[in-house]
Amino acid sequence: MKLTKLSSMLGVAAITTCASAIVFANDNYGSDNYSYDYDAGWYLGGNIGQSRSHINNGRIADSVLEDGFVVRSLTDDDRDTGYKLFGGYQFNKNFALEGGYFNLGEFTFSADTIPAGTLDAKIKLRGYNLDLVGFLPLNEKLSAFGRLGVTYAETKDSFSGTGLVIVNDDSNSARNTNPKIGLGLQYALNEHVDMRFEAERYHLDNSFGDKDNIDLISVGVVYRFGEKTHTAPAPKIVEPVRQPVAVEPPPPAPKFKKYTLSATELFAFNSDKVNTPQPKLVEISNALKESDAPKHIVIVGYSDRLGSDEYNKKLSERRAIAVKNYIVSNGVDADRLKVEGKGEADPVVTCTDKKKADLIECLKPNRRVEIDQITVKVPVENK
């Protein structure tokens, strides 16, 4: 009953972790939510720890002993050192595929019998695995993960007897494919190295046709290949101001500026509906109706780096479309306006604040809508 309950708990935990990672990757979280980032790429790693068997040694002893022998007492060593070596590919921050080799160690037992004698046994377990790993980020460095996989494992048993116990077949083995599950925590030490702590359950065949469970509690290191890319803030371009011409009467010199509109002013939190009124958008609409206005305009939406890449890109595109529709409603031909959503690309500022509220405020300039290839003439007062 205890083994069944533990197996069920591990299975539910692993499935829940994978399912949570799917929800985190696809749910419509706002761009102001926290995000954990992993670059896609290959990695290698290894774990070592304690393995513990849940093998029915009494049933194995009964299978080996000849008729007429009864097990009087049984002592066993159900713990050993286990390890695994693995490699994998990280598809994104939520999913990876991992395969490798594992050795769960050696387990022994000794059965005292009637008539007088002893049966000694050694059981070795090793094999290969292929797992789907789902990650659930908890903060910038720490994430939980669960794994579901399959193993191809070999179980080797060897037996010897003393006293009246004579073992005719002193070895046995079995190979088969079975499921495995696991869960754990992963902490990023730097851009290339992660630490792992995890618990796994291997469901294996023994050499007598039964199924046994082996648990491995281990710590390990993961090394990731490749370099992370860092996007530098876009340089701030200052438009030159034309000086007034010294003639009589001196006409006011026009000042030209490219329009960058704050998403905080245009939209409510996590919304793509334009707040009204918007005098800046009306001013831009009027400028576009001038005879010397460009024929084609690009409206680009940006978000900050918080939230999933996919959702940020879609939200920035919807906001750019909303600005386009507002300008069209003021009498500008829709065919002249092209929209793009670039998500968190081309940030204006880079922030390292730890508190979420401070980080959201610091990243405000990155949440914006830019209207390219347009200038609005603003009279400059003579002073």
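The values are calculated or read from the model by the stated rules, or taken from the named source; none is laboratory data. Only a predicted model underlies this, so the values are computations on that prediction, with no experimental measurement involved. When we count neighbours, we look across all protein chains shown, and the Cβ atoms used for this are built from the backbone with ideal geometry, even at glycine.
Ala357 meets the conditions (1) modelled with pLDDT of 85 or more; (2) assigned to a helix (DSSP H, G or I) in every case but one. The failed one is (1). Selection within the stretch 153-179: residues that are surrounded by fewer than 16 Cβ atoms within 10 Å (Cβ to Cβ), in a strand (DSSP E or B) and among the β-branched types (Val, Ile, Thr). The member of this set that is nearest to the chain's Cα centre (by Cα) is Thr177. Give the residues of the stretch 101-121 that are of a type outside the set (Phe, Trp, Tyr), free of Cβ contacts under 8 Å to residues at least 40 places away in the same chain and under 19 Å from Asn176 (Cα atoms), sorted by residue number. Across the stretch 101-121, the qualifying residues are Asn103, Glu106.
In the stretch 261-276, which residues are assigned to a loop (DSSP other than H, G, I, E, B) and either within 9 Å of Arg368 (Cα to Cα) or in contact with a helix residue (DSSP H, G or I) (Cβ under 7 Å, 6 or more places away or on another chain) (or both)?
Of everything in the stretch 261-276, those that are assigned to a loop (DSSP other than H, G, I, E, B) and either within 9 Å of Arg368 (Cα to Cα) or in contact with a helix residue (DSSP H, G or I) (Cβ under 7 Å, 6 or more places away or on another chain) (or both) turn out to be Asp272, Lys273, Asn275.
Annotation note: of Gly41, Gly46, Gly58, Gly68, the sole residue that is over 18 Å from the mean Cα position of the chain (by Cα), on the phi > 0 side of the Ramachandran plot and surrounded by fewer than 19 Cβ atoms within 10 Å (Cβ to Cβ) is Gly68. Taken over the stretch 289-321, the criterion of being surrounded by fewer than 21 Cβ atoms within 10 Å (Cβ to Cβ), out of contact with any Gly (no Cβ under 9 Å at 6 or more places or on another chain) and not in a loop (DSSP other than H, G, I, E, B) is satisfied by Ile297, Val298.
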